[in-house]
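Beneath this line is the structure, given in structure tokens, with notes to follow.
What follows is calculated from the coordinates using simple rules that are stated; it is not laboratory data. Bear in mind the structure is a predicted one, so any value in this text is a computation, not a measurement. When we count neighbours, we look across all protein chains shown, and the Cβ atoms used for this are built from the backbone with ideal geometry, even at glycine.
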Amino acid sequence: MFDILPLTLRFLIGSFLWIKEPSVATSPPLTFQLRHEHALSNSSLIIFSDIAPSFAPEVYGVNTASVRAHKPVSAAAFHSARFRSMRYAQSEPFLWEDIEVQGPNVEDRQVLLTLAKMTSNAYVESTDKEWYAQDGWNKSLPFGYEPDADGFRGHVFVSDDNSTAIISIKGTSAGWMIGGGGPTVVKDKLNDNMLFSCCCARVGPTWYTVCDCFSGGYKCDQTCVEQALTEESLFYSIGTNLYNNVTYMYPDANIWIIGHSLGGSLASLLGVTFGAPVVAFEAPGEKLAASRLHLPTPPSTQHITHIYHTADPLAMGTCNGVTSICAIGGYAMESRCHLGKVARYDTVTKLGWSVDIRTHGIKVVIERLLSEDWEPTGDDKSNGKSGQNRTVPLLEEEKDCVDCFNWEYGNYNKTK
């Protein structure tokens, strides 16, 4: 009977029978090698150490996908809008360029695993046993890891065809808390307390605050705390200089930014500033800092991806209060809201992990979290495919998230 139907109708029916489910628009994979180490000099300048191919034989293959992002039409327009918001609390019409770029395929577990290893290497010297390498590493000269080093550091990986560069940013080096340590601990701690606390790290009456904005009770001077974040010595300003330096070296390259913990939050803030694809691992909530920095808000921040799990109190925003392990160590980690989309691994419910600050480390992400595909239960319909496995959790936005709900912000007369 099907044969006697008109040709057009048969074609229409046949097209419905052969419809396939939509999939991620993937692009050809890229192969990266370490090209540069970056660090902050004592003169507050970003300096680079070039890596010869013979010293960095390992390669990192990354599958890519099409990513939509919004970048400012110009740096001048971005800074003008930011200045007007900071100075006059006014917004101005701002134009964004809607772009489609080749970014990492964040729904591919192997991609996340590779980026996590590249991120992890920012914490250690290249000769350290903790270095994640593919085929070995034989560079022995330290750079940005000297005993008197005091700040921002990481690596720059570049694809074989120079089409894409990846900036990795080191997170907090706090040996007692997440494994690691080193000379940047003091500067890392200052940035943590400035970016992620409700009011200058005022956790309790005995705390020495990192800025003079506390106004008694749960009141904080809004203008004061915003101005404190604009100090040129803080890592956001340094990160913008780093990004500009990399674009100067690779003017035609697409830039990605990756990081863990503090480094992941900084990567996200830079991703909003420049419209660059971002993958952040176990990052504290950076949405509060973006607001205080008066970063113009793009129509979408879907080019920013956060990877974290529910057993990590730092990423979940629960490592706070005077009795928390963070407060005992002198860290006021009070923010919890993230920009962009998140892949939240429910390791507490599904894997039985205990909430523990020791699960925050990037090694846990590499060796336990991303070591195998994330498998939902058979009746989990969150991905629309009951009974089928996902390599990573469903990517979602954080909804109804509020930071520092118990604080009041305004123009108060500060008392010392």
Quiz prompt | Label point 7 Å beyond Cα of Phe83 along Cβ direction - residues of the stretch 292-324 with amide nitrogen under 16 Å | solution = 294-296
Practice problem: Taking H placed 1.01 Å from N in the peptide plane, check which residues at least 5 places from Arg35 or on another chain put their amide H under 5 Å from its amide H. | Solution: Val156, Phe157, Val158
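Kindly put Lys287, Lys350 in sequence by how many other C-beta atoms sit within 10 Å of each C-beta, fewest to most.
With the fewest neighbours first, Lys287, Lys350 line up as Lys350, Lys287.
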Exercise. Would you work out which of His294, Thr305, Tyr345 lies farthest towards the positive end of the dipole of the stretch 292-380? Charges go on Cβ: Lys and Arg +1, Asp and Glu -1.
Key: His294
Quiz item: Once the mean 1/r over all distinct Cα pairs of the stretch 257-367 is inverted, what Kirkwood radius in angstroms do you read off?
Solution: 14.1 Å
Quiz item: Quick one: Karplus J couplings for the stretch 92-100, per residue in order, coefficients 6.51, -1.76, 1.60, θ = phi - 60°, nearest Hz, x for Gly and Pro?
Solution: 9, x, 10, 9, 10, 9, 7, 10, 10
Exercise. Arrange the following residues from fewest to most other Cβ atoms within 10 Å of their Cβ: Leu369, Leu95.
Key: Leu95, Leu369
Self-check item: Integer Hz, Karplus 6.51/-1.76/1.60 couplings in order for the stretch 210-226, x for Gly and Pro
Solution: 8, 7, 9, 10, 5, 10, x, x, 10, 10, 9, 6, 4, 4, 4, 5, 6
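Would you mind calculating the gained length between Val402 and Tyr208 on full extension (0.36 nm times residue separation, minus the Cα-Cα distance), in nm to one decimal?
Separation in residues times 0.36 nm, less the Cα-Cα distance, equals 67.3 nm.
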Quiz prompt | Exposure proxy ranking, count of Cβ atoms within 10 Å, fewest first, for Tyr308, Tyr123 | solution = Tyr308, Tyr123
Quiz prompt | Counted charge near Val73, where neighbours are those whose Cβ lies closer than 11 Å (Asp, Glu -1; Lys, Arg +1) | solution = -1
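Show me the ranking of peptides 75-88, 352-365 by mean Cβ neighbours inside 10 Å, starting with the highest.
Numbers: 75-88: 14.6, 352-365: 18.6.
Per-residue mean Cβ counts within 10 Å order the peptides as 352-365, 75-88.
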Self-check item: Cα-Cα over 20 Å, subset of Lys117/Lys363; Lys117/Lys187; Lys287/Lys363; Lys71/Lys287; Lys287/Lys399; Lys117/Lys170
Solution: Lys117/Lys187; Lys287/Lys363
Self-check item: the stretch 252-260 - phi-based ³J(HN,Hα) in whole Hz, Karplus 6.51/-1.76/1.60, Gly and Pro as x
Solution: 9, 8, 7, 9, 10, 10, 10, x, 10
